[in-house]
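Everything below concerns the one structure shown next.
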Amino acid sequence: MQRRRLGKSGVAVSDICMGTMTFGEQCDEPLSHRIMDRAYDEGVDFFDAAEMYPVPPTAEKFGVTEQFVGNWLKTKPRESVVVASKITGPAHGWFVPPVRHGHTALDRRQIMQAVEGSLQRLQTDYIDLYQTHWPDHNARYEDILDTLTLLVKQGKVRAIGCSNETCWGVMKGLRAAEQYGLTRYDTVQNSFSLLNRRCESELAQVCRQEKLSLLAYSPLAGGVLTGKYRDEFPAGARFTSYQNGGERQQMLCHRFLNDRSREATIQLQQVADEAGLTLTAMSVAWSRQHDFVASTIVGASSVEQLGENLAAKDLILDADTLHRIDVVDQAIPTPIREDGLRRL
């Protein structure tokens, strides 16, 4: 497993990261531990959680994922695992989360409260990477960064990052850090896949020029790039439940699953077949080959699913395969609909 530095920090991680948002919903604790064990044994040392997980978020299961990760973490040498977590974004932002009675904010009190809760659930005295789950574009970034800087100085956090952030928001945060002498972001965690290549334009330039690392989540486009949604909604799959869920879940389902995303998946499957690869492995390998990506976050609801993702850990796509992928993108550009960042 290759390892890469997170931004300019001293933290280096495996270039495949184990995402945990299914733990506590699609996966019970014994299965979650088996999945994490398999990832660890394969060389994955980076595990990404959040106080709001599992998804879809509910008040009843708030923090359960971190509890599962914390119990598992006690079975491993702490320094051998890089743990990331996130504080929920503002309730007046993307949506109203079932956290802190729907009044979440990125202020000092709530950041301190959130990190202490995460430390307790994770059963550790420090978090390697602490991220804002989504931004508050109307807040003073220097206030948010001042509290995160305090956590770094206290040794409770090693590095900080943002998630679901725009290029403007990243640069606003970096400017505030420089202007006020505060800890800067080292990572941005955004959706990036063969069906959602938006990060290749402006955000890639920000990452390269500012020495910031992208943590690419949803490299399989929510499972669409496994091909399992081509003809039907399979039982137990995330979007099978989302299509009959609440308004936000239905919106996510329709954003990822549409005529263009299904057609692009069919064409990408042909590229993978001709290269002698699974579409899953090709998708994860494609993400890993970008110079501005430090780690690609994979998820799983079974040990077998994880194995399909890990098949990409030593895979390098050749120039012909990359060209054929680009041909599909040119014919059907960005088939996953707009991701909501413009409304933050």
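The values are calculated or read from the model by the stated rules, or taken from the named source; none is laboratory data. Bear in mind the structure is a predicted one, so any value in this text is a computation, not a measurement. Neighbour counts are summed over all protein chains in view; Cβ atoms, including those assigned to glycine, are modelled from backbone coordinates with ideal geometry.
Which of the residues that make up region 97-111 are among the charged types (D, E, K, R) and either within 20 Å of V64 (Cβ to Cβ) or surrounded by 19 or more Cβ atoms within 10 Å (Cβ to Cβ) (or both)? Across region 97-111, the qualifying residue is only R100. Is region 173-192 home to any residue that is on the phi > 0 side of the Ramachandran plot and free of Cβ contacts under 8 Å to residues at least 40 places away in the same chain? There is at least one residue in region 173-192 that is on the phi > 0 side of the Ramachandran plot and free of Cβ contacts under 8 Å to residues at least 40 places away in the same chain. Per the conditions (1) at pLDDT 95 or above; (2) crowded, with 17+ Cβ neighbours inside 10 Å, the sole criterion not satisfied by Q209 is (2). For region 146-157, the count of residues that are under 19 Å from the mean Cα position of the chain (by Cα) and either touching a residue at least 12 places away in the same chain (Cβ under 8 Å) or in a loop (DSSP other than H, G, I, E, B) (or both) is at least one. Checked against (1) farther than 19 Å from G19 by Cβ; (2) within 19 Å of the chain's Cα centre (by Cα); (3) surrounded by fewer than 22 Cβ atoms within 10 Å (Cβ to Cβ), Y185 passes all but a single condition, namely (3).
Of the numbered criteria (1) touching a Phe, Trp or Tyr at 6+ places or on another chain (Cβ under 9 Å); (2) closer than 30 Å to L277 by Cα; (3) in a loop (DSSP other than H, G, I, E, B), the one C199 fails is (3). When the residues of region 141-156 are narrowed to those that are under 14 Å from G181 (Cβ atoms) and of a type in the set (S, T, Y), which ends up surrounded by the fewest Cβ atoms within 10 Å (Cβ to Cβ)? The selected residue is T149. For region 241-278, a residue qualifies if it is modelled with pLDDT under 85 and touching an Asp or Glu at 6+ places or on another chain (Cβ under 9 Å), and exactly one does: R255. S80 passes every criterion in (1) within 20 Å of Q249 (Cβ to Cβ); (2) under 21 Å from the mean Cα position of the chain (by Cα) apart from (1). The C-beta contact set for region 1-25 (first residue charged (D, E, K, R), second residue surrounded by fewer than 24 Cβ atoms within 10 Å (Cβ to Cβ) and not in a loop (DSSP other than H, G, I, E, B), distance under 6 angstrom, 6+ apart or interchain) comprises R3/A12; R3/S14; R5/A12; D15/R4; D15/R288. Of the residues making up region 158-168, those that are outside any strand (DSSP E or B) and buried (at least 22 other Cβ atoms within 10 Å of the Cβ) are N164, E165. Scanning region 316-333 for residues that are buried (at least 16 other Cβ atoms within 10 Å of the Cβ), within 23 Å of the chain's Cα centre (by Cα) and in a loop (DSSP other than H, G, I, E, B) turns up just one, L317.
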